[in-house]
Amino acid sequence: LPASLALLVFDSAVNQGVGTAARLLQKAVGVTEDGSIGPVTLRAALALPLEQVLIDFCAERALRYEFNRNEEVFGRGWYRRLFRMYATARGAAGRGDVRRVPRHL
């Protein structure tokens, strides 16, 4: 994954769990949600404009927060974290984030 997207997915995995992060990415790029980032997910993520994937992934993550029963207690902190991570990812993307499709995909 491009560094900016990898950062967002990693942060989601830390905050929400590895399987959830994978499913959120899969939902954002429009592939079957199986909780495993493999060749199909990678191809889909690399085929779309990076900015679109970053925004769609963050939107899926925000929706997950919204429907969490603890959102009222922890939501403000979760959203602050998400917005900080998005800003950091956008900065990485603006510095020429590399987007290469590996040959084996």
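A few notes on this one:
- In the range 64-73, the residue that is farthest from Gly17 (Cα to Cα) out of those that are surrounded by 12 or more Cβ atoms within 10 Å (Cβ to Cβ) and without any contact (Cβ under 8 Å) to a residue 12 or more places away in the chain is Glu71.
- Candidates Thr32, Thr41, Thr20, Thr88 - the one that is β-branched (Val, Ile, Thr) and surrounded by fewer than 13 Cβ atoms within 10 Å (Cβ to Cβ): Thr32
To keep it simple, each residue is scored yes or no on (1) outside any loop (DSSP other than H, G, I, E, B); (2) in contact with a helix residue (DSSP H, G or I) (Cβ under 8 Å, 6 or more places away or on another chain); (3) open to solvent by less than 20 Å² (accessible area, probe 1.4 Å).
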| site | (1), (2), (3) |
| --- | --- |
| Ser12 | yes, yes, yes |
| Asn15 | yes, yes, no |
| Ile37 | no, yes, no |
| Phe57 | yes, yes, yes |
| Glu60 | yes, yes, no |
| Ala92 | yes, yes, no |
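- Val53 being among the aliphatic types (A, V, I, L, M), modelled with pLDDT of 95 or more, open to solvent by 50 Å² or more (accessible area, probe 1.4 Å) and touching a helix residue (DSSP H, G or I) at 6+ places or on another chain (Cβ under 9 Å): no
- Against the test of being in a helix (DSSP H, G or I) and hydroxyl-bearing (Ser, Thr, Tyr), the options Thr41, Thr32 yield a single qualifying residue, Thr41.
The values are calculated or read from the model by the stated rules, or taken from the named source; none is laboratory data. As the structure is a computational prediction, the values presented were derived from the model and not from experiment. Every residue, glycine as well, gets a Cβ built from its backbone with ideal geometry; the counts of neighbours run over all protein chains shown. What goes into the accessible areas is simple: the full protein's heavy atoms, side chains included, and nothing from ligands, DNA or RNA. Shrake-Rupley method; radii C 1.70, N 1.55, O 1.52, S 1.80 Å.
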